[in-house]
Amino acid sequence: MKEKEQWSSRFGFILAAAGSAIGLGAIWKFPYVAGMNGGGAFLFVFLFFTLFLGLPLLLAEFVIGRNTQSDAVSAYKMIAPGTKWHFLGYLGMATSFLLLSFYSVIGGWIIYYLFKTLTGSLSGLTPDQYSAVFEGAISNPGISITVHFLFMLLTIIVVANGVQKGIERASRVMMPVLFLLFIVLIIRSLTLPNVIQGLTFLFEPDFSKLTSGAILAALGQSFFTLSIGVSVMVTYSSYVPKEESLPKAALSIVFLNIFVVILAGLAIFPAVFSFGLQPNAGPVLLFQVLPNVFNHMPFGMLFFLAFILLFLFASLTSAFSMLELQVAILAKGDEHLRKKWAWIIGLSIFLLGIPSALSFGPLSDIHIFGKTFFDVADYLVSNVLMPLGAFFISIFVPLKMKKSVLFSELDSGNTIPLFLFNVWFYILRYVAPVAILLVLFDVLGIWDKIL
Ligand code: PFF
């Protein structure tokens, strides 16, 4: 039998899992969802959920994956044979399928900006002109479908060739550079006029703005940025050697992720106010703000190009993890089948994404429950499917895995105090499922209002 593929170093796993986590969620989605839900209070609730639910759940997925060393369907089958729990793997497949279909549309927008910066046509415009150029492009069916296709193509090619070779090597260089560029961006943003307004918006919690919809959005956002509830982290941790410390990896990923969310907020909000843009502009927010920030600064377009490249890289590494989940389940370690499935699934995802790509143009008037295709897909994934997946995973681990097995998984690589282990165990067993249900029930109330 072939040896199970593994990450080549402990750093490799953290990089790849952080690569899955850090992506559009922190850089593109967080600023606009926070912008639509009141800013500071949203950030506060998001951080709370990330630390008290996200971290324990991430660790739960790691434990399932490393313990079974299998893909997301077989893993549940191995732990709970003869039950229906492996449907959790299928739920993950469905979620990541739908997720990647609209994620790739936004990835395509990044590719569009890449072309624009390379051809030098993005410098020296006014904020209104930038918005007009961008909106012209995303409402154009030819452009939006082509760039969506290109993003999927890149994803397919890397996943078809095996995640490890590609992701590990590239992440090692790209991640640190991404952080450096963020610093440049923030310095620029913080030296603009009206900075205080942006900082107040981001950091001053006004809890009166916190609706139940905003609380659900914060929960969804926290799972989204950590790639939780889809079993993607089960898949990635199945390639982790036994001597690796899972709690350490989970902590590093959570803190890196929070760090990027704050960096993105610091880079975006002062600029939003400074250029007279609206924080609640929705999915287009980041793309409208960015060129303004780089414009009129020394070597601005060069920095912009570097930022776009890294942003593209960050979103691709997340996209890889979504496709990898599917391919790992379908190919079961067979190299030839890996290629075949990567193409079949990847191209199907591209087709499913077309209505989302057209949601900013010809289909912008087609509404389901008052939302465009794009918004429905995003809402279903972030606010329904991911919390549901996380709910079942939090029940599964304490119910179906022996406490001694769980302890030895968390204890390997680095000892964990029994007290902390118990805190983790009881959060999963009682706190997480109840909290997720409470938030979801609240939404049912909201549905009543909408319908
Ligand atoms: N965490 C990714 C991001 O923030 O961009 C998105 C994501 C990747 C969500 C993989 C879920 C997933 F399974």
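A few remarks follow.
- Residue check, residue 223 more than 13 Å from the ligand (Cβ to nearest atom) and in a helix (DSSP H, G or I): no
- Among the residues of segment 25-42, those that are surrounded by fewer than 23 Cβ atoms within 10 Å (Cβ to Cβ), away from the ligand (no atom under 14 Å from the Cβ) and in a helix (DSSP H, G or I) comprise 36, 40, 41.
- Restricted to segment 339-367, and to residues there that are farther than 25 Å from residue 28 by Cα and more than 24 Å from the chain's Cα centre (by Cα), the residue that is surrounded by the most Cβ atoms within 10 Å (Cβ to Cβ) is 339.
- Against the test of being modelled with pLDDT of 90 or more, open to solvent by 30 Å² or more (accessible area, probe 1.4 Å), in a helix (DSSP H, G or I) and farther than 20 Å from residue 224 by Cβ, the options 77, 84 yield a single qualifying residue, 77.
- If you go through segment 241-287 and pick out every residue that is assigned to a loop (DSSP other than H, G, I, E, B) and of a type in the set (Lys, Arg), you end up with 1.
- Qualifying residue in segment 57-69 (condition: on the phi > 0 side of the Ramachandran plot, modelled with pLDDT under 95 and touching a Ser or Thr at 6+ places or on another chain (Cβ under 6 Å)): yes
- Members of segment 226-240 that are within 17 Å of the chain's Cα centre (by Cα) and outside any helix (DSSP H, G or I): 227, 228, 229, 230, 231
- Residues that are among the hydroxyl-bearing types (Ser, Thr, Tyr) and under 19 Å from the mean Cα position of the chain (by Cα) were ranked within segment 377-403; the one that is nearest to the ligand (Cβ to nearest atom) is 382.
- Looking across 310, 406, one residue alone is within 16 Å of the ligand (Cβ to nearest atom), farther than 30 Å from residue 215 by Cα, out of contact with any Ser or Thr (no Cβ under 8 Å at 6 or more places or on another chain) and open to solvent by less than 40 Å² (accessible area, probe 1.4 Å). It is 310.
- Selection within segment 307-345 - touching a helix residue (DSSP H, G or I) at 6+ places or on another chain (Cβ under 8 Å) and free of Cβ contacts under 8 Å to residues at least 40 places away in the same chain: 330, 331, 337, 340, 341
- Lone qualifier among 370, 413 - being touching an Asp or Glu at 6+ places or on another chain (Cβ under 9 Å) and open to solvent by 40 Å² or more (accessible area, probe 1.4 Å): 413
- Among residues of segment 87-99, those that are of a type in the set (A, V, I, L, M, F, W, C) and either more than 21 Å from residue 318 (Cβ to Cβ) or surrounded by 23 or more Cβ atoms within 10 Å (Cβ to Cβ) (or both), counted: 3
- Just so you know, in segment 313-338 the residues that are open to solvent by 10 Å² or more (accessible area, probe 1.4 Å) and out of contact with any Gly (no Cβ under 9 Å at 6 or more places or on another chain) include one that is farthest from the ligand (Cβ to nearest atom), and it is 336.
The values are calculated or read from the model by the stated rules, or taken from the named source; none is laboratory data. Bear in mind that the values here come from a model prediction, so they are computed numbers and not experimental data. Note that we place each Cβ from the backbone using ideal geometry, even for glycine, and neighbour counts take in every protein chain shown. Side chains are part of the model used for accessible areas, which takes the heavy atoms of the whole protein and leaves out ligands, DNA and RNA. Shrake-Rupley method; radii C 1.70, N 1.55, O 1.52, S 1.80 Å.
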